[in-house]
Amino acid sequence: MISRQKSEELFMKAKSLFPGGVNSPVRAFKSVDGVPLFIKKGDGCRIWDEDNNEFVDFCCSWGPLILGHNHPAVRSSIESALKNGTSFGAPTKLENELGELIIRNNPYVDKIRFVSSGTEAVMSGIRLARGYTGRNKIIKFDGCYHGHADSLLVKAGSGLATFGTSSSAGVPEAFSNETIVLPLNDEEAVQEAIRQHGDDIACIIIEPIPANNGLLIQKKSYLEFLRKVCTENGILLFFDEVISGFRVAFAGAAELYNIKPDIVTYGKIVGGGLPVGAYGASDEIMNQISPLGDVYQAGTLSGNPVAMSAGIAQLKECLKVGFYEDQEKRTKEFVEKINNHASNKGYEFEMFSTGSIFWLAFSTVDAIRSSAEIRAESMDDFKKLYSILLDKGIYLGPSGYEVGFVSTAHTEKVLDNVSALFCEALDELFHSK
Ligand SMILES: *Cc1c(COP(=O)(O)O)cnc(C)c1O
């Protein structure tokens, strides 16, 4: 067992300062045993906690660090921006540079606006969708996460195509009444909701690669279906690419599937490990935003120069020839090694992956496309596996519903070693059953 003495002391202190000892809930390690590890340092694909335990990190700050920790190009770009100060509340050249990098290499957006988090990007994008269409309701899907704005903290109500109910205290029913929550991968549910409320639906928002509640890879034909019904009914198709943007391809899942969304949001990778979000659309739609249009949205630290400089350096690396092919190839080999071992041994276990995103499922079905298909009991197995993996120096996000990320710093050699350790961990888990 790894020593957690320092982390335990720090967590005790943190609990007197922050609700549950954390500044974002999943960090509290509630779904796995033990206290959260307090991380003091990251370099490449590795992190070290305050007790000096070393781990290969597959959480990668929940996705932003596609180049791993402390990447030299990102660090030096941040350092050179820092020399000139941290914030001006006035336009800087760096915003142009990052904006142009994105727009030039992305056929789906004419203009973007920078904000400071994924939540803010989605919240603003929803306001824009409503302002542009003059409609109030939105459709979202069970199993997709879009940050913690009020109208998105909504879960399915009872029955098909009914209004959602709030999934958090403090969200008025009047808000959740404007959000329709549907199961993923169910065309009929979408048709029915449009039959009932079509004239008042501003947008259909989806993670085109749902990766916040397991990895629920959708069929391309389903995403094409959403594109088609949106176009036919004057509804905007909203791709929340906060995870998938710059991850599965430079222009995200839209590029991977070759489907044009009407509004798209980015976060995580776009800021190179600093807080940046963005939303984008066509000129016509983006011109509704203030100061040009009457949809208001602003931010004191939006387009922050230090954060822009981190994003610029990171996205330049992502634009290098073969970047995404290489990421996918290494991830695929890693996942295949583990999957082959599991299937040879007859374990009820399988890793799903797309690009450099993977997810551990305790199942042997061909595909899992909706949250209802995830077995809640399998989370006990995840919890046991999690602690075995930690002891072997492998760090994942501390919940079985979270995905893992491979960065460029996870070389073939590292992944080879980790896959062997992973197979051992599976043996330990399944032999103890
Ligand atoms: C992480 C995430 C968000 C929220 O972004 P924050 O920066 O945590 O506010 C929104 N949508 C998706 C798809 C995400 O993965």
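The values are calculated or read from the model by the stated rules, or taken from the named source; none is laboratory data. Keep in mind that what you see is a predicted model, and the values were worked out from it rather than measured. Using ideal geometry, Cβ is built from the backbone for each residue, glycine included, and neighbour counts are taken over all protein chains shown.
Structure values in brief
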{"read-out": "Set 296, 279: member being among the hydroxyl-bearing types (Ser, Thr, Tyr), surrounded by 21 or more Cβ atoms within 10 Å (Cβ to Cβ) and assigned by TED's automatic domain parsing to the domain that holds residue 86", "value": "279"}
{"read-out": "Single residue of region 39-61 satisfying the filter (of a type in the set (Phe, Trp, Tyr) and surrounded by 19 or more Cβ atoms within 10 Å (Cβ to Cβ)) that is nearest to the ligand (Cβ to nearest atom)", "value": "58"}
{"read-out": "Unmet criterion (only one of (1) under 30 Å from residue 140 (Cα atoms); (2) not in a loop (DSSP other than H, G, I, E, B)) for residue 417", "value": "(1)"}
{"read-out": "Breaking point among (1) surrounded by 15 or more Cβ atoms within 10 Å (Cβ to Cβ); (2) of a type outside the set (Val, Ile, Thr); (3) touching a strand residue (DSSP E or B) at 6+ places or on another chain (Cβ under 9 Å), for residue 167", "value": "(1)"}
{"read-out": "Output for region 124-144, where each listed residue is among the β-branched types (Val, Ile, Thr) and in a strand (DSSP E or B)", "value": "138, 139"}
{"read-out": "Tally, over region 139-153, of residues that are buried (at least 24 other Cβ atoms within 10 Å of the Cβ), under 18 Å from residue 193 (Cα atoms) and either within 14 Å of the ligand (Cβ to nearest atom) or within 15 Å of the chain's Cα centre (by Cα) (or both)", "value": "5"}
{"read-out": "Subset of region 68-113 [surrounded by 12 or more Cβ atoms within 10 Å (Cβ to Cβ), aliphatic (A, V, I, L, M) and outside any helix (DSSP H, G or I)]", "value": "109, 112"}
{"read-out": "Unmet requirement for residue 250, which otherwise passes all of (1) away from the ligand (no atom under 14 Å from the Cβ); (2) more than 25 Å from residue 318 (Cβ to Cβ); (3) at pLDDT 95 or above", "value": "(2)"}
{"read-out": "Residue match in region 116-134 (condition: modelled with pLDDT of 95 or more, more than 16 Å from the ligand (Cβ to nearest atom) and under 16 Å from residue 269 (Cβ atoms))", "value": "no"}
{"read-out": "Condition check for residue 234: within 16 Å of the ligand (Cβ to nearest atom) and either touching a residue at least 12 places away in the same chain (Cβ under 8 Å) or more than 27 Å from residue 356 (Cβ to Cβ) (or both)", "value": "no"}
{"read-out": "Residue in region 72-79 that is away from the ligand (no atom under 16 Å from the Cβ) and either acidic (Asp, Glu) or within 19 Å of the chain's Cα centre (by Cα) (or both) present", "value": "yes"}
{"read-out": "Considering residues of region 253-274 that are in a loop (DSSP other than H, G, I, E, B) and not acidic (Asp, Glu) only, the residue farthest from the ligand (Cβ to nearest atom)", "value": "258"}
{"read-out": "Residue that is surrounded by the most Cβ atoms within 10 Å (Cβ to Cβ), among those in region 415-430 that are within 20 Å of residue 378 (Cβ to Cβ) and hydrophobic (A, V, I, L, M, F, W, C)", "value": "422"}
